[in-house]
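J.: This is the structure, below, for whatever I ask next.
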Amino acid sequence: MKTIPVALLCCVFSYALAQTTQELIDNGKNSENVTTFGMGYHLNQYSPLTQINKSNVKRLVPIWSTSLSNDTGELAQPTIYNGVMYVVNGNWTFALDVATGQQIWRTPVEYERAAARVGNPGVIVRGPATIYNGKLFRESIDCHVIALDMKTGKQIWREKFADFKEGYTVIIAPLVANGVVITGMAGGDRTTRGFLDGWDPDTGRKLWRRYTVPAPGEPGSETWPKEMPDAWKYGGGSTWQNGSYDPELDLVYWGTGNAEPYNPAYRGGADSLYTASVLAIRPKTGQLVWHYQYTPNESYDFDGSAEPVLADLRIDGRVRKVLLNANKNGFMYVIDRTNGKLIAAHPFVKVNWASHVDLKTGRPVLTDIYERAVKGETVEIWPSRGTNASLMAFNPKTGLVYVNSWEIPRIMKYTKFEFVLGQGSTGVETSFRTPPSGEPWGYHMAFNPLTGKAEWKVPVTGTVISAGMLATDGGLLFTGRLNGDFIALDQATGQTLWQFKTGSGINSPPITYTRQGRQYVTVLSGIGGVLNRTMKAADAIPTGGSVWTFALMPD
């Protein structure tokens, strides 16, 4: 590793410790910094930058690339602060010079190797390198939350919050909201009970825990079967994707995963709150303010964990604060984020398990798929997932969301489940049917969340799409494909305007920013995630993580 002179380090980090809550809130106002996941607390993956646009994107070229010393997958998003790019994956934390990619420091993630064999996704991280007040916060696969010094990469504190031997793991990054570090957990196919934790960023002291499955006597416990007194203890509701934050309302929004087991017979076919839901909580206390359950009695592994994107939309003549969600169950939701009331829900992919969502009750109206499944039939469920844990983009100027969708069904049969602590708890046999040659595996699409109309759809064949979208005011959408292509689409039509082949599959969300007046785009490459690696399209894709940074070639 090349040694960086002390004088250079002092220059690079001269303002790092000044990084504040306000700078997290103001993400985007200073285009040289990207301080939070999703290009802002709202997670809308949108930038007003225009220097790179439809007229000149063909001149986009790589400026630098560097290895991330990792074969387990790159699903995270870089963070940038005062000339330093911070990158996390399951095995390393990096600080890089944003201008050159030169490594400033790297810190290995120390974890018990047995934890890597517990979860299907492997040793990965979704989300950002979370920064606040001179510290970088991350989690490790063996259920520790860790604080590093942004200046040196040295560990400041490390706290354990669960036992991987009981099925718990971690695949997401923390969120800092109102001065509290908030962490989630994974384990939605094992014997776990979901939760969020709040931590003191300075000391690592745990401030609160919010379980996503209530204990007996708590609100929501009536939705768990009394005749199965232990069902709630291992009821699922994992918090394995990232949350968003509205500083004005002081509410954190976080989606929860599937109920466990998937087989509803072991939960009495009950609604099973607060699984497959979005929760609005107070960051200082973990208090639950409201919830909305996308899929009561969630029995298909749909989850409700897809990131809640915050937007302000004009509806019936007035601007309303809303939450947008491209759900794995195939519906695009619009929810009033002040109170959790449903405004709209439209299918954005093929859906056969429900005919529609009743706007009065907020509940999906089921087809015969569920009854056939509980009677023992093998059923084909559309979709297997509407999207695959990939951030959509929302452009506040067009009012449209831009989504990478899947059009692949799940074949499923409910089976007997034997409880073993820490082991699989699905109670299903399942597989995925990939499309015949030439048929779409999914779409790049522009979708109106209020009307349910797809403004355009571009089919993608031969591969699934698991990368996030990024919308810019240059009229572009940046995204990637598992074959390694990083692409720019025309935001108005979906036409591919530019593409570049990286060294591995892209399953991460890109960012854009400026440095000394020049616009850059950065994305991580490195195939990872259980479905991305097991789909037959991945057979010819090499592993290996790297960072790629692009800018316009001078005239």
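J.: Residue by residue through the stretch 183-194, note down the ones that are open to solvent by less than 10 Å² (accessible area, probe 1.4 Å) and either in a strand (DSSP E or B) or without any contact (Cβ under 8 Å) to a residue 24 or more places away in the chain (or both).
T.: The answer is 183, 186.
J.: Could you list all residues from the stretch 416-438 that are in contact with a helix residue (DSSP H, G or I) (Cβ under 7 Å, 6 or more places away or on another chain), modelled with pLDDT of 90 or more and not aliphatic (A, V, I, L, M)?
T.: Within the stretch 416-438, just 427 meets the criteria.
J.: Among the residues in the stretch 227-234, are any more than 19 Å from residue 414 (Cα to Cα) and not charged (D, E, K, R)?
T.: Yes; the residues of the stretch 227-234 include at least one that is more than 19 Å from residue 414 (Cα to Cα) and not charged (D, E, K, R).
J.: Another question about this same structure. Does residue 197 satisfy the criteria of being open to solvent by less than 10 Å² (accessible area, probe 1.4 Å), out of contact with any strand residue (DSSP E or B) (no Cβ under 6 Å at 6 or more places or on another chain) and touching a residue at least 24 places away in the same chain (Cβ under 8 Å)?
T.: No: the conditions fail for residue 197.
J.: In the set 298, 222, which member is crowded, with 24+ Cβ neighbours inside 10 Å and of a type in the set (D, E, K, R)?
T.: 298
J.: When you check residue 495 against the structure, is it open to solvent by 10 Å² or more (accessible area, probe 1.4 Å), farther than 30 Å from residue 431 by Cα and modelled with pLDDT of 95 or more, yes or no?
T.: Judged against the criteria, residue 495 is a match.
J.: Determine, yes or no, whether residue 309 is at negative phi, over 20 Å from the mean Cα position of the chain (by Cα) and β-branched (Val, Ile, Thr).
T.: No; evaluated as a whole, the condition is false for this residue.
J.: Also, quick follow-up: Being under 21 Å from residue 92 (Cβ atoms) and not in a loop (DSSP other than H, G, I, E, B) narrows it down to one residue among 240, 157, 208, 232; which is it?
T.: Checking each option against the conditions leaves just 157.
J.: If you scan the stretch 340-397, which residues turn out to be of a type in the set (Ser, Thr, Tyr), open to solvent by less than 70 Å² (accessible area, probe 1.4 Å) and either within 30 Å of residue 127 (Cα to Cα) or free of Cβ contacts under 8 Å to residues at least 40 places away in the same chain (or both)?
T.: 367, 384, 387, 390
J.: Go through the stretch 256-286 and count every residue that is under 23 Å from the mean Cα position of the chain (by Cα) and on the phi < 0 side of the Ramachandran plot.
T.: 18
J.: Is it true that residue 255 is within 30 Å of residue 446 (Cα to Cα) and surrounded by 24 or more Cβ atoms within 10 Å (Cβ to Cβ)?
T.: It is true that residue 255 is within 30 Å of residue 446 (Cα to Cα) and surrounded by 24 or more Cβ atoms within 10 Å (Cβ to Cβ).
J.: Going residue by residue through the stretch 477-492, is there one that turns out to be surrounded by fewer than 16 Cβ atoms within 10 Å (Cβ to Cβ) and farther than 25 Å from residue 67 by Cβ?
T.: Checking the stretch 477-492: at least one residue is surrounded by fewer than 16 Cβ atoms within 10 Å (Cβ to Cβ) and farther than 25 Å from residue 67 by Cβ.
J.: Further question on the same structure: Can you say whether residue 550 is of a type in the set (Phe, Trp, Tyr), within 21 Å of the chain's Cα centre (by Cα) and surrounded by 24 or more Cβ atoms within 10 Å (Cβ to Cβ), as far as the supplied structure shows?
T.: It is false that residue 550 is of a type in the set (Phe, Trp, Tyr), within 21 Å of the chain's Cα centre (by Cα) and surrounded by 24 or more Cβ atoms within 10 Å (Cβ to Cβ).
J.: Out of (1) in a loop (DSSP other than H, G, I, E, B); (2) open to solvent by 70 Å² or more (accessible area, probe 1.4 Å); (3) at pLDDT below 95, what's the single condition that is false for residue 8?
T.: (1)
J.: Right, something else. What number of residues within the stretch 461-476 are modelled with pLDDT of 95 or more and either open to solvent by 10 Å² or more (accessible area, probe 1.4 Å) or not polar (S, T, N, Q) (or both)?
T.: Of the residues in the stretch 461-476, 9 are modelled with pLDDT of 95 or more and either open to solvent by 10 Å² or more (accessible area, probe 1.4 Å) or not polar (S, T, N, Q) (or both).
J.: Of everything in the stretch 73-94, what is buried (at least 24 other Cβ atoms within 10 Å of the Cβ) and assigned to a loop (DSSP other than H, G, I, E, B)? Give them in sequence order.
T.: Listed by number, the residues that qualify are 73, 74, 78, 89, 90.
J.: Considering the stretch 410-448 alone, what residues qualify as being open to solvent by less than 40 Å² (accessible area, probe 1.4 Å) and of a type in the set (Phe, Trp, Tyr)?
T.: Scanning the stretch 410-448 gives 414, 417, 441, 447.
J.: Please give the strands (runs of 3 or more DSSP E) falling wholly within the stretch 486-555 in which 2 or more residues are touching a Ser or Thr at 6+ places or on another chain (Cβ under 6 Å) and of a type outside the set (A, V, I, L, M, F, W, C).
T.: Result: 511-515, 518-525, 546-552.
J.: Scan the stretch 146-167 for residues that are within 19 Å of residue 81 (Cα to Cα) and open to solvent by less than 50 Å² (accessible area, probe 1.4 Å) and jot them down.
T.: Within the stretch 146-167, 147, 148, 149, 150, 153 qualify.
J.: Could you go through the stretch 522-544 and let me know if any residue there is among the acidic types (Asp, Glu) and modelled with pLDDT of 95 or more.
T.: no
J.: Another question, then. For the stretch 312-321, state whether one or more residues are buried (at least 24 other Cβ atoms within 10 Å of the Cβ), among the small types (Gly, Ala, Ser) and farther than 20 Å from residue 224 by Cβ.
T.: There is no residue in the stretch 312-321 that is buried (at least 24 other Cβ atoms within 10 Å of the Cβ), among the small types (Gly, Ala, Ser) and farther than 20 Å from residue 224 by Cβ.
J.: Still on this structure: Restricting attention to the stretch 329-339, and to residues there that are touching a Lys or Arg at 6+ places or on another chain (Cβ under 8 Å) and either in a loop (DSSP other than H, G, I, E, B) or without any contact (Cβ under 8 Å) to a residue 40 or more places away in the chain (or both), which single residue is most open to solvent (accessible area, probe 1.4 Å)?
T.: Going through the qualifying residues, I end up with 338.
J.: To continue, here is another question. Can you name every residue in the stretch 22-65 that is modelled with pLDDT of 95 or more, not hydroxyl-bearing (Ser, Thr, Tyr) and not in a loop (DSSP other than H, G, I, E, B)?
T.: If the condition is that a residue be modelled with pLDDT of 95 or more, not hydroxyl-bearing (Ser, Thr, Tyr) and not in a loop (DSSP other than H, G, I, E, B), then 34, 37, 38, 39, 57, 58, 59, 60, 61, 62, 63, 64 are the ones that fit.
J.: Further, regarding this structure: Just checking, how many residues over the stretch 225-247 are over 20 Å from residue 425 (Cβ atoms), surrounded by fewer than 24 Cβ atoms within 10 Å (Cβ to Cβ) and touching a residue at least 40 places away in the same chain (Cβ under 8 Å)?
T.: Count: 2.
The values are calculated or read from the model by the stated rules, or taken from the named source; none is laboratory data. In this text the structure is predicted, and so the values were computed from the model without any measurement. Using ideal geometry, Cβ is built from the backbone for each residue, glycine included, and neighbour counts are taken over all protein chains shown. Quick note on the areas: whole protein, heavy atoms, side chains included, nothing else; ligands and nucleic acids left out. Shrake-Rupley method; radii C 1.70, N 1.55, O 1.52, S 1.80 Å.
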